[in-house]
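The values are calculated or read from the model by the stated rules, or taken from the named source; none is laboratory data. All figures in this text were calculated on a predicted structure; none of them were measured in a lab. Neighbour counts are summed over all protein chains in view; Cβ atoms, including those assigned to glycine, are modelled from backbone coordinates with ideal geometry. Areas reflect the complete protein model, heavy atoms only, side chains present, ligands, DNA and RNA absent. Shrake-Rupley method; radii C 1.70, N 1.55, O 1.52, S 1.80 Å.
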Amino acid sequence: MAETPRPEPRYGNRPTMKDVAARAGVGLKTVSRVVNGEPGVTPETERRVREAIDALGFRRNDSARVLRKGRTATIGLVLEDLADPFYGQLSRAVEEVARAHGTLLINGSSAEDPERERELALALCARRVDGLIVIPAGDDHRYLEPEIRAGVATVFADRPAGLLHADAVLSDSFGGAREGVAHLVAHGHRRIGFVGDRPGIHTAAERLRGYRAAMEDAGLPVDERWVAPGPTDPERVAAALAGMLSGPEPVTAVFAGNNRVTVTAVRVLAGRTAVAGGPPVALVGFDDVELGDVLGVTVVAQDPAGLGRTAAQQLFRRLEGAAEAPRRVVIGTRLLARGSGEVPPSSG
């Protein structure tokens with residue numbers, strides 16, 4: 001017996017229950033009963049309906065079903081860059097919590113652009129997500145006030161909201177940087193450079209503050225030529241390192257403010273030693289890097305999965321009715337000594 005030809009696809013026009021009913025020769029209510037597993041349909045009729053469903057490629061419209069319950073079973077995540085391993089781990093942890101709650105995660109990258117962050121967050125709200133987790137790129141989040149009043153649960157992760165009182169889950173950037181720089185001081189370094197991200201970013205500012213606090217704790221002066229916040233592209237970071245590693249009193253150690261800076265610093269310092277044969281320079285980075293354990297890079301490690309998990313758990317607490325004042329949760333860091341941060345200063 002020849003197979004019944006499938007209809008030509010109509011891209012952008014999904015088959016509906018009305019289409020299934022017409023093909024099976026039954027009423028809409030019968031299709032609804034089959035799709036939702038309800039009783040009252042004979043085996044023969046159910047067979048015809050399921051054959052029509054298969055032939056048409058029909059899928060139940062879950063969004064319409066959950067909207068009737070007041071929820072869409074979706075949450076949004078706005079982060080800086082999904083390609084960054086840090087945010088990849090954070091996103092995966094959020095997704096695992098969402099899945100445990102029967103919820104779909106939709107995410108997008110802001111590329112550290114405040115306007116793009118705003119567009120993404122509001123686009124997700126327009127698609128009726130139940131809640132948002134935002135890694136801020138901007139410093140003014142009052143644009144979310146109407147959405148929060150309308151019932152969109154919102155939690156900020158990695159960085160706090162700007163000009164908005166809201167839940168936040170953060171790493172201890174200040175304490176971690178202070179510990180990392182103190183580790184270099186404990187290994188004999190007195191001239192320690194800092195290369196970090198743009199100071200307008202909360203985490204970058206906190207890490208610079210931690211660097212200065214550790215130097216002050218040790219009674220060490222800070223030459224401003226040793227401090228280089230700014231964009232984290234390799235060219236800018238390499239130039240900053242070259243500046244502080246030259247002159248009559250170059251730094252003997254570097255504290256790198258994030259994983260992108262650390263990767264560039266590893267390359268620059270390795271190349272400098274190989275080409276110029278200069279004394280080794282100690283390095284501690286904030287946030288772990290891929291192959292950091294193999295390369296022997298000492299880091300102050302964050303817990304991106306813990307950040308994502310905690311933020312998602314707080315979001316679902318809000319969705320389940322928790323009505324306490326906004327909370328700020330700070331997750332600690334760990335110093336992982338692997339070799340690069342334990343290099344002593346040159347005696348020369």
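Residue-by-condition table, conditions (1) over 30 Å from Ile106 (Cβ atoms); (2) under 45 Å from the mean Cα position of the chain (by Cα); (3) modelled with pLDDT under 80:
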| site | (1), (2), (3) |
| --- | --- |
| Gly12 | no, yes, yes |
| Lys18 | no, yes, no |
| Arg48 | yes, no, no |
| Ser63 | no, yes, yes |
| Lys69 | no, yes, yes |
Check your understanding: Could you say whether any residue in region 205-217 is of a type in the set (A, V, I, L, M), open to solvent by 50 Å² or more (accessible area, probe 1.4 Å) and over 22 Å from Thr264 (Cβ atoms)?
Key -> no
Point to revise | Failed item in (1) open to solvent by 60 Å² or more (accessible area, probe 1.4 Å); (2) touching a residue at least 40 places away in the same chain (Cβ under 8 Å); (3) over 24 Å from Arg159 (Cα atoms), with Glu46 passing the rest | key: (2)
Point to revise | In region 190-201, the residues that are over 16 Å from Arg225 (Cβ atoms) and either at pLDDT 95 or above or of a type in the set (D, E, K, R) (or both) | key: Asp197, Arg198
Revision key, fill the gap. Residues of region 93-103 being open to solvent by 10 Å² or more (accessible area, probe 1.4 Å) and either within 22 Å of Ala161 (Cα to Cα) or among the aliphatic types (A, V, I, L, M) (or both), in sequence order, are Glu95, Val97, Ala100
Point to revise | Members of region 142-175 found to be more than 20 Å from Thr310 (Cα to Cα) and either buried (at least 23 other Cβ atoms within 10 Å of the Cβ) or of a type in the set (Phe, Trp, Tyr) (or both), listed by number | key: Tyr143
Review point. Which condition number does Gly70 fail, the rest of (1) more than 22 Å from Gly321 (Cα to Cα); (2) open to solvent by less than 80 Å² (accessible area, probe 1.4 Å) being met?
Key: (1)
Check your understanding: List, please: which pairs have Cβ atoms under 7 Å, are six or more places apart or on different chains, and start with a residue in region 304-317 that is farther than 18 Å from Ala73 by Cα and end with one that is open to solvent by less than 40 Å² (accessible area, probe 1.4 Å) and at pLDDT below 95?
Key -> Pro304/Phe86
Exercise for review: Considering every residue within region 242-250, establish whether at least one is open to solvent by 10 Å² or more (accessible area, probe 1.4 Å), under 21 Å from Pro85 (Cβ atoms) and either in contact with a strand residue (DSSP E or B) (Cβ under 9 Å, 6 or more places away or on another chain) or touching a residue at least 60 places away in the same chain (Cβ under 8 Å) (or both).
Suggested key: no
Revision key, fill the gap. Thr273: passes all of (1) within 30 Å of Asp167 (Cβ to Cβ); (2) without any contact (Cβ under 8 Å) to a residue 40 or more places away in the chain but (1)
Review point. In region 117-141, how many residues are basic (Lys, Arg) and either out of contact with any strand residue (DSSP E or B) (no Cβ under 8 Å at 6 or more places or on another chain) or without any contact (Cβ under 8 Å) to a residue 12 or more places away in the chain (or both)?
Key: 1
Check your understanding: Based on what the data block shows, is Asp288 part of a loop (DSSP other than H, G, I, E, B), under 22 Å from His183 (Cβ atoms) and either open to solvent by 50 Å² or more (accessible area, probe 1.4 Å) or not aliphatic (A, V, I, L, M) (or both)?
Key -> yes
**Study point:** Residue list for region 260-285, filter: part of a helix (DSSP H, G or I) and surrounded by 23 or more Cβ atoms within 10 Å (Cβ to Cβ)
**Key:** Val261, Thr262, Ala265
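Would you confirm, using the coordinates I've provided, whether Pro85 is modelled with pLDDT under 95 and open to solvent by 10 Å² or more (accessible area, probe 1.4 Å)?
On the way: modelled with pLDDT under 95: yes; open to solvent by 10 Å² or more (accessible area, probe 1.4 Å): yes.
Judged against the criteria, Pro85 is a match.
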